[in-house]
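Here is the structure we will look at.
Read the figures in this text as sums done on the coordinates, not as results from a lab. In this text, all values refer to a predicted model and were calculated from it rather than measured experimentally. Here the Cβ is made from the backbone with ideal geometry for all residues, glycine too, and neighbour counts use every protein chain on show.
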Amino acid sequence: MVAAMVLFTGCTGGGGPNVASSPSQTTDSSTPDQPTLPFETPGPGECTQSFEPPQPSPKGDLKPEPYPAYPGTVTAESAEGFVVNYHYALVYNEILTHSTENTTISIGATTLSRLTEPAGDGYLVGIQHSGYTEEEDGLHADYYGRAVYYITPEYALSLNLDHDGPLDEVESLQSVNYSSSGTLTIYCQSDE
């Protein structure tokens, strides 16, 4: 449960978005044949899924969002499509886990195609989300966050971005600071 909470931050009341601010960058151990990646990747045969996404129960008219199937073939388009649908479901379901049946939930998740970058045998995909919840008693909470995913045929990883602006201000996903909250392994082909 704690791992899911690092994917988005929230605030209650009328304040603006809230973003974690513990920058940490993995040291560059790449060779000329390997791209520089913003986080550690598992070696061959070492992948272990470290994160199970929330699976909340329905609450009144609020139903959990389904998680998408992992792409059979990883392309820029399939990686981006998977990330948009997975991240949206992840954020929505985490909020639903802590909501009542009288909660209004509004969430949006977006990527920028220019920030879907080839890296190794996969793609880095940057995503941002924003939204709010409103309880029947008027309690309001705003949500905003950014993450990067690394989608390969063998595994998928995610990590929070520690960038204070929207993704459209980022030149490259390899040019931003990353949260020290750690990499989450969200998919391993060996776990199927």
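Laid out as a table, the results:
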read-out	value
Prolate/oblate/rounded call for the range 124-176, Cα gyration tensor, a/c under 1.5 rounded	oblate
Per-residue HN-Hα couplings for the range 59-71 [Karplus 6.51, -1.76, 1.60; θ = phi - 60°; Hz; x = Gly/Pro]	10, x, 7, 7, 10, x, 8, x, 7, x, 6, 5, x
Added length on full extension, which subtracts the Cα-Cα distance from 0.36 nm per residue, SER113 to SER175	20.7 nm
Listed residues THR133, GLY81, PRO166: farthest to the positive end of the dipole of the range 41-192 (Cβ charges)	GLY81
Contour excess over end-to-end distance, with Cα ends at ALA69 and SER50 and 0.36 nm allotted per residue	5.1 nm
